[in-house]
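This report concerns only the one structure given below.
Derivation of every value follows stated rules applied to the coordinates shown; laboratory data play no part. Just so it is clear, the structure is predicted and the values come from calculations on it, not from any experiment. Note that each Cβ is placed from the backbone with ideal geometry, even for glycine, and that neighbours are counted across all protein chains shown.
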Amino acid sequence: EPEVTQTPSHQVTQMGQEVILRCVPISNHLYFYWYRQILGQKVEFLVSFYNNEISEKSEIFDDQFSVERPDGSNFTLKIRSTKLEDSAMYFCASSADRAVNGYTFGSGTRLTVV
Amino acid sequence: KQEVTQIPAALSVPEGENLVLNCSFTDSAIYNLQWFRQDPGKGLTSLLLIQSSQREQTSGRLNASLDKSSGRSTLYIAASQPGDSATYLCAVIGYSGGSNYKLTFGKGTLLTVNP
């Protein structure tokens, strides 16, 4: 069964450093998403991406965050200057259509900011 | 703003028991609903997807129902096994403006099945 692949599985970074989280969505999917889950809290929406541009972003997704699809297979989330409160599990997801067949999630990247 | 609530927050049952997990949502104008399983520190595995026009979906020992008008869904697990121990997340897919849809998650039910 097709999978969404995320790397790395765990990243530790110092506060103020830039991190890039990488995702390879399912190959024939057109819509891409980032969600995050702070320990003990709900999974929350960050951003959706379609046709090489952001289609929607949450209030969490401020100027520190950016997304990019640098080639035909990768989808990245960059956090420019990490803060302690950015520590969370970050999930990438993709879907073939906007909502009809649901979403497929990756296994996540656990980001720890120290 | 859509809010999704899951009850109970935690559930512990002996192996073999049938059980029901509950999910409620405040805005019934959803597109569909998806149940996920999350093992500790791991990703989200999709279990069942129910379209808004459907009443239920079944996969093996799992059965999910949807009552859109009352804003409720249930996940029924038959003959529970220790391997079913995980957090179960309910998420609704709703329209969020323009041509966008997004998932809104509940906090989950932590299920422990004791051998």
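The table for this structure:
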quantity: Convex hull volume per residue in cubic angstrom - Cα atoms of chain B; calculated: 96 Å³
quantity: Relative contact order [Cα under 8 Å, 6+ residues apart], chain A, whole percent; calculated: 39 percent
quantity: Descending principal axes extents, segment A:1-59, alpha-carbon based, whole Å; calculated: 35, 28, 24
quantity: B:Ser85 long-range amide H proximity, modeled H, under 5 Å; calculated: B:Val113
quantity: Label-point separation in nm, A:Leu30 to B:Asp27, each point 7 Å along Cα→Cβ; calculated: 2.3 nm
quantity: Likely footprinting exposure, A:Ser95, B:Ser12, fewest C-beta neighbours within 10 Å first; calculated: B:Ser12, A:Ser95
quantity: Kirkwood Rh, angstrom, chain A [1 / mean 1/r, Cα pairs]; calculated: 14.1 Å
quantity: For chain A, built as a Gaussian network whose Cα springs stay under 10 Å, the top-fluctuating residue of A:Ile26, A:Ile54, A:Ile79; calculated: A:Ile54
quantity: Length gained when the stretch B:Ser52-B:Glu15 is fully extended (0.36 nm per residue, less Cα-Cα span); calculated: 10.1 nm
quantity: Calculated from backbone phi, Karplus (6.51, -1.76, 1.60) coupling profile of segment B:52-69 in Hz, x at Gly/Pro; calculated: 5, 8, 9, 9, 7, 9, 10, 8, x, 7, 9, 9, 10, 10, 9, 10, 5, 5
quantity: Farthest positive-ward along chain B dipole, Cα basis, beta-carbon charges - from B:Ala78, B:Ser99, B:Thr109; calculated: B:Ser99
quantity: From phi via Karplus (6.51, -1.76, 1.60), per-residue ³J(HN,Hα) for segment A:34-51 in Hz, x at Gly/Pro; calculated: 10, 10, 9, 9, 6, 3, x, 10, 5, 6, 10, 6, 10, 7, 10, 9, 8, 6
quantity: Shielding of B:43-55 by partner chains, average beta-carbon count, 10 Å; calculated: 4
quantity: Under-5 Å amide H pairs with B:Leu48, H placed in peptide plane, nonlocal only; calculated: B:Trp35
